[in-house]
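The values are calculated or read from the model by the stated rules, or taken from the named source; none is laboratory data. Nothing here was measured: the structure is a model prediction, and the numbers come from that model. Here the Cβ positions follow ideal geometry from the backbone for every residue, glycine too, while neighbour counts run over all protein chains shown. Accessible surface areas use protein heavy atoms only, side chains included; no ligands, DNA or RNA. Shrake-Rupley method; radii C 1.70, N 1.55, O 1.52, S 1.80 Å.
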Amino acid sequence: MSATDRNPLAALLAAAAALGAPATRAEIATETRIDYRYTEYDEEPLPAARVLSGSADRYRIDTHQVKIVTPLRDTIELDVRATQEAMSGSSPWFVLPAAGGELRQVMSGATIEDHRRELVVTMRREDAPSDAWSATASVSREDDYRAVSLGVGREQPIDPQLSLSYGASISRDVIEPTDAESMSRVLREDKHTVSAVTSATWVLDRHSTLQAGVQAGFGRGYLDDPYKLAVVGASLVPDARPDNRTQVSYLARYRRAFETASLHLDYRYSHDSWSVRAHTLDLACYLRFGAHWWLVPALRYHSQDEARFYAPVHAADAADAHHSSDYRLGTFGAWSARVSLRRNFGSHAFVIGLERYDSDEGWAVGGADQAVPALLEYDRIFAGFDFAF
Amino acid sequence: MRRPVDLAVRFVALMLLGLLAGCATQQVAPWERGRLARWDMQFDPDALDAAMREHTYSSKEAVAGSLAPAGAGCGCN
């Protein structure tokens, strides 16, 4: 919780800390902070009537996250974020037409066991209020996957009401699928991604801020999913996607403060060279109760159109030989509701929360023409603490 | 993929939105920014939960994108 919530003197001190700055970006840390979260992510089994073979049980992921932010000098801070995930469960494999024209999902037969470890290190230097440079390096490693990325960012105040941010990053990913030879999968492939982002942040008045920006990403290389197959005509063939993808997202984020609450409204429109278009809207309310408690209910809606080469089953191959039955590339809409509860103890805090996510073809804007048999439902619960010293 | 002219139209629309926002802003003195400096007025008050949600959504939906440069990917399936 901000000190401004506790008493008028604290509010005055917080305002003094914002002197000369647009007050929309955190300043260099003056103390070391350690945040920790534990998350359980659990996907609902598919309805038995929709599964032809394999286990209906889907992914469960246990995640530990630690974030440490510490000042190195008056103008430089170090931000380290580490994540460890343990994943298990079955994954949608391919779709088969059943008697009566129904479509049935085939799941991966064996339970997948995998671990992911990620480390993200950011160094941020602020020469003047809201005038900062940052550099980020990250590595992510799974049993069958490795990724590294480098990025730089810049924040610049334009005037007391407006600041600009821009940045770029590059990444390289390598996949070495498990059971590659026995399952006729690729042995080793890689992809490269370049991403650029720019945004502007306005102080609209004493109570509200607006951020708007664009992110563009270009990926090249192996973009298929080696663990998925597709029915094309009478054949069962590996998932095959274009070897490049350009994706552009436009985002707007609005924040409005009230006496003991605030409103957060985020909207994103994305489209890409695979003909996917998506709208995502996220609404959250931060409600303060008493001096120390915060309740944060939130609602998210996502709608996407299918990739041009998606079909649950393909009658014949396309001219470009691209085909996929991956449910994530289908047309669907998704609702997600979440709530978290936060208790502050001075500059420390304890937080718990949960989320419920559900998706359906019929919830997409404009509806869907094709079935997406493996659509997802999941629950997520998390707990953690923020500690400063 | 949209034609370049469509991208340009969207970019111009975004800039117009920005200009409108700029016109709509009121001069706010530093001592009037107490509420804007509150914890709950940050764009991502809970950075770890925001990172977790972004990672989950981007691995279960067809698109990803935030106002931070993209990081390393994952083999999520």
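Starting from the residue with the highest accessible area, list A:Phe218, A:Phe309 in decreasing order, probe 1.4 Å.
A:Phe218, A:Phe309
What is the range A:185-242 by shape, rounded, prolate or oblate, if you read a ≥ b ≥ c off the alpha carbon gyration tensor as root eigenvalues and call it rounded for a/c under 1.5, prolate for a/b larger than b/c, and oblate otherwise?
Because a/c hits 1.5 or more and a/b exceeds b/c, the range A:185-242 counts as prolate.
How large is the accessible surface of A:Ile381 in square angstrom, using a 1.4 angstrom probe and rounding to the nearest 10?
Accessible area, nearest 10 Å²: 90 Å².
Skip the ligands, DNA and RNA, and give the accessible area per residue of the protein assembly as shown with a 1.4 Å probe, whole Å².
Accessible area per residue, the protein assembly as shown: 44 Å².
Looking at the range A:77-124, which trypsin sites (Lys or Arg not before Pro) are DSSP coil and have at most 12 other C-beta atoms within 10 Å of their C-beta?
Taking the range A:77-124 and a limit of 12 other Cβ atoms within 10 Å, no loop trypsin sites (Lys or Arg not before Pro) are found.
Tell me, rounded to the nearest percent, the portion of alpha carbon pairs in the range A:88-175 spaced more than 22 Å apart.
57 percent
Just grab the label-to-label distance for A:Phe289 and B:Glu54, each label 7 Å out from Cα along the Cβ direction, in nm (one decimal).
In this crude label model, A:Phe289 to B:Glu54 measures out at 3.0 nm.
Given an 8 Å cut-off on Cα distances and at least 6 residues of separation, report the relative contact order of the range A:168-241 as a percent.
25 percent
How far apart, in nanometres, would the label points at A:Ala388 and A:Arg125 be if each is projected 7 angstrom from Cα along the Cα-to-Cβ direction?
Between A:Ala388 and A:Arg125, the simple spin-label model gives 2.6 nm.
Taking the Cβ of A:Leu375 as the centre, find all other residues whose Cβ is under 9 Å away and add up their charges (Lys, Arg: +1; Asp, Glu: -1).
Taking every other residue near A:Leu375 into account, the sum is -4.
First select every other residue whose beta carbon is under 13 angstrom from the beta carbon of A:Ala284; then total the charges, Lys and Arg +1, Asp and Glu -1.
It works out to a net charge of 0.
Under 15 Å Cα-Cα from A:Lys191, which aspartates and glutamates qualify once same-chain neighbours fewer than 8 residues away are excluded?
Qualifying aspartates and glutamates at Cα under 15 Å: A:Asp144, A:Asp173, A:Glu176, A:Asp224, A:Asp225, A:Asp243.
By accessible area of protein heavy atoms, probe 1.4 Å, what ranking do A:Ile68, A:Ile28 get, highest first?
Sorted descending by solvent-accessible area, the residues read A:Ile68, A:Ile28.
Would you kindly state how much longer the chain becomes between A:Val365 and A:Ala135 on full extension, computed as 0.36 nm times their sequence separation minus their alpha carbon distance, in nm to one decimal?
79.0 nm
Scan around A:Glu44 for amide H atoms under 5 Å from its own, H built in the peptide plane at 1.01 Å from N, and keep only partners 5 or more places away or cross-chain.
Hits under the 5 Å cutoff: A:Glu377, A:Tyr378, A:Asp379.
Output needed for chain A: three equivalent-ellipsoid semi-axes, defined as square roots of 5 times the C-alpha gyration tensor eigenvalues, in descending order, whole Å.
41, 23, 21
Per DSSP helix of 4 or more residues, -39500 (n - 2.57); summed, then divided by the residues of the protein assembly as shown. What does that give at 222 nm, rounded to the nearest 500?
Result for the protein assembly as shown: -3000 deg cm²/dmol, rounded to the nearest 500.
Using a 1.4 angstrom probe on the protein heavy atoms only, line up A:Trp93, A:Trp294, B:Trp39 by accessible area, largest first.
These residues rank, largest area first, as A:Trp93, B:Trp39, A:Trp294.
Taking Cα pairs under 8 Å and at least six residues apart, what relative contact order does chain A come out at, in percent?
Result for chain A is 13 percent.
Give, in nm to one decimal, the length gained when the segment between A:Phe218 and A:Asn244 is fully stretched (0.36 nm per residue of separation minus the Cα-Cα distance).
Extra length available between A:Phe218 and A:Asn244 comes to 8.6 nm.
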